[in-house]
Number of protein chains: 2
Amino acid sequence: MNTKISDHNLTQASSHVTQTVDTSLQSSTLKDTNTYLTEATFNLSDYLAQRREQVEAALESSITSGYPEKLYESMRYSLMAGGKRLRPILCLASCELSGGVLEMAMPTACALEMLHTMSLMHDDLPALDNDDYRRGKLTNHKVYGENIAILAGDALLPYAFEYIVVQTKGVPADRLLKVIAKLSHAVGAKGLAGGQVADLESEKLQNLDLATLNFIHSHKTGALLEACVVSGALLVGANNEVLHRLSRYARNIGLAFQIIDDILDITANKEQLGKTPGKDEKAQKATYPSLLGINESRYQAQKLIEEAKKELAPFQEKAIPLRSLADYIITRTH
Amino acid sequence: MNTKISDHNLTQASSHVTQTVDTSLQSSTLKDTNTYLTEATFNLSDYLAQRREQVEAALESSITSGYPEKLYESMRYSLMAGGKRLRPILCLASCELSGGVLEMAMPTACALEMLHTMSLMHDDLPALDNDDYRRGKLTNHKVYGENIAILAGDALLPYAFEYIVVQTKGVPADRLLKVIAKLSHAVGAKGLAGGQVADLESEKLQNLDLATLNFIHSHKTGALLEACVVSGALLVGANNEVLHRLSRYARNIGLAFQIIDDILDITANKEQLGKTPGKDEKAQKATYPSLLGINESRYQAQKLIEEAKKELAPFQEKAIPLRSLADYIITRTH
């Protein structure tokens, strides 16, 4: 791994941190650095609330009404159905960490939520997961019908790319192309859609191994989460060292996120989840808890979060939001 | 309308043609020019066969196999199911007309076919048109199941944009962004998906008027056809005068294409169409023939084709393929 640090964000790092990066990711001094940085005054709950409000406002104005009304209503219904807005927030945080300002990343952040939303709309369809509830509300096809839910998803997907091109200001064209390539890859056959199909195929198998489960989740959930974090840095023109660190951070929190999701499906109730719990067990679906047990799953998730945070060490204070978000993933209850 | 001509393709036009454009589109001298140009030696059938072969080869290599196999098979099944490849060919022709070379436009041409294909895959689903046959073969969901057909469409859509970014060589980034904006707009709520929903909604209406029928088709079919023609010129950096002429050309042939489609649904048989004919009448669907009669529909289509060809007058010999394609649309039997 190339540990040379040349990015302008990293040159501000103290000699202590620079040395840490120059030696090894496994170095125990990294832990100290992390411990020191986590002590900075930062309220994640306030941070998330503020960012969420900014994202909601941006999403609200991203799609107005139009003809045919039902199509726009259906798109807005799912896009504005709440949720943690974790994906856009990760993109914004990564942009700021890389030295950019929020405005540069907001259209991409909205686009990421559009892509995520359309994947949920289609995933909920009778031909797929056949879910009636999502985020505590009726799923799109239960309200608008299957045909509209399919087409509204088909409309949200390209709109994400159009929105990035038309709405992003102050970012060179070549960077936007990289962002578009990253996002389109993340939701396609080599990302989200591939993970969904692998998930469907795995339902027929009797004994699902951990490697396949990892494949499913690194594609179904991980690829888009990684795109969120990396795209925020791509917009700012971050160098490869930064991009690789953020990519590894994201892949680790992505897998941890899924493990926690599997655990919550067993331990949480409908009000906490906003959807029907216990679905995995009912479907006799292989999950991390079913393969590893709940305790070992929790331990693995914790280990992934620690690995993720190690990648952020050189960024010092600038990484506080992403570091806190990693901790949030493991402690969340819904 | 600004009729000033400054594009390098147009400066080669004879003074006769330049004068024609400087006066009026309705000028009778344009007709003479068209008549003269159509007499050039050009074999549309050979041209289409050659272009189709080039497009097939490019599409063939655009998606190779991968894991999960079923997803890639499903994507390839519909993408390689034949068809006229009219959309990619329009894009290539427009690129050449604007002074570009085929290689510049081939990735965009493939992307257009991917977008068209995914719209057909979803349109054929039981929740939408519920079609068993397409291009003489079983529809995607009849072979791979509804869940895979939905996800394969969802994978083809973003891949189109990824493919443009990754595969296009020798085109500045800002032009590629314009192409991406054009294509994403064309298949979204303000284009194809919007037209599909308007079409669904119209099925409930007793009396559909011509304005609504025009809205449906200008969105469902027209928007993507226009994007094919305009994107070919965008890649070359054509000026606004050229873009507007090509846009009007495309919108006119797009509507004519749909009128002929409606007529063929009545007059052609299954072998000619590659799909079940008579579906519109069976579904008591408003069509151009049902609103205007077959003869008046044919006349309207012919008029649109003439209008379309007028837009091409200043491009002289360079427009022969697009001009012949316009004529082909009105004379086709499938």
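The values are calculated or read from the model by the stated rules, or taken from the named source; none is laboratory data. Note that the coordinates shown come from a computational prediction; the quantities given were computed from them, not determined experimentally. In this analysis, Cβ positions are derived from the backbone assuming ideal geometry, glycine residues included, and neighbour counts consider all displayed protein chains.
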Problem set entry | For A:Ile305: the one exception among (1) closer than 23 Å to A:Ala127 by Cα; (2) modelled with pLDDT of 95 or more | (1)
For this session: Report yes if A:Glu226 is within 25 Å of B:Gly66 (Cα to Cα) and surrounded by 18 or more Cβ atoms within 10 Å (Cβ to Cβ), otherwise no.
Result: yes
For this session: Determine which member of the set B:Ala238, B:Ala286 is assigned to a loop (DSSP other than H, G, I, E, B) and at pLDDT 95 or above.
Result: B:Ala238
Exercise. Hey, A:Ser231 hits all of (1) away from chain B (no Cβ under 11 Å); (2) under 23 Å from A:Leu125 (Cβ atoms); (3) buried (at least 18 other Cβ atoms within 10 Å of the Cβ) but one; which does it fall short on?
Worked result: (2)
Exercise. Taking interchain pairs and intrachain pairs at least six residues apart, which have beta carbon atoms under 8 angstrom, with the first residue in the stretch B:143-168 and within 18 Å of A:Gln196 (Cα to Cα) and the second of a type in the set (Asp, Glu) and outside any helix (DSSP H, G or I)?
Worked result: B:Ala149/B:Asp124
Problem set entry | Hits in the stretch B:133-162 (condition: more than 7 Å from chain A (Cβ to nearest Cβ) and surrounded by 20 or more Cβ atoms within 10 Å (Cβ to Cβ)) | B:Arg134, B:Thr139, B:Asn140, B:His141, B:Tyr144, B:Ala149, B:Ala152, B:Gly153, B:Leu156, B:Ala160
Problem set entry | Looking only at the stretch B:38-72, and only at residues there that are of a type outside the set (A, V, I, L, M) and in contact with a Phe, Trp or Tyr (Cβ under 7 Å, 6 or more places away or on another chain), the one that is farthest from B:Lys142 (Cα to Cα) | B:Ser62
For this session: Scan the stretch B:163-177 for residues that are in a helix (DSSP H, G or I) and more than 8 Å from chain A (Cβ to nearest Cβ) and jot them down.
Result: B:Tyr163, B:Ile164, B:Gln167, B:Arg175
Exercise. Can we say B:Leu210 is under 24 Å from B:Ile89 (Cα atoms), among the hydrophobic types (A, V, I, L, M, F, W, C) and either more than 14 Å from every other protein chain (Cβ to nearest Cβ) or in contact (Cβ under 8 Å) with a residue 40 or more places away in the chain (or both)?
Worked result: no
Problem set entry | Members of the stretch B:50-100 found to be assigned to a loop (DSSP other than H, G, I, E, B), within 18 Å of the chain's Cα centre (by Cα) and aliphatic (A, V, I, L, M), listed by number | B:Met80, B:Ala81
Exercise. Looking at A:His122, is it without any contact (Cβ under 8 Å) to a residue 60 or more places away in the chain and over 20 Å from B:Gly66 (Cα atoms)?
Worked result: yes
For this session: Determine, yes or no, whether A:Leu112 is part of a helix (DSSP H, G or I), under 12 Å from the mean Cα position of the chain (by Cα) and over 24 Å from A:Ala193 (Cβ atoms).
Result: no
Problem set entry | Selection count, the stretch A:178-207, where residues are in a helix (DSSP H, G or I) and either within 23 Å of A:Asp261 (Cβ to Cβ) or in contact (Cβ under 8 Å) with a residue 12 or more places away in the chain (or both) | 20
Problem set entry | Evaluation of B:Leu125 against (1) in a helix (DSSP H, G or I); (2) crowded, with 21+ Cβ neighbours inside 10 Å; (3) facing chain A (nearest Cβ under 7 Å) (one fails), failing number | (1)
Exercise. Yes or no: A:Asn2 modelled with pLDDT under 90, touching a helix residue (DSSP H, G or I) at 6+ places or on another chain (Cβ under 8 Å) and outside any helix (DSSP H, G or I)?
Worked result: yes
Seminar exercise, completed: Taking the stretch A:57-95 and keeping residues more than 14 Å from every other protein chain (Cβ to nearest Cβ) and touching a helix residue (DSSP H, G or I) at 6+ places or on another chain (Cβ under 6 Å) leaves A:Ala58, A:Leu59, A:Arg85, A:Arg87, A:Pro88, A:Ile89, A:Leu90, A:Cys91, A:Leu92, A:Ala93, A:Ser94, A:Cys95
For this session: Test A:Pro68 against the stated conditions and say whether it is within 24 Å of A:Leu322 (Cα to Cα) and of a type outside the set (Gly, Ala, Ser).
Result: no
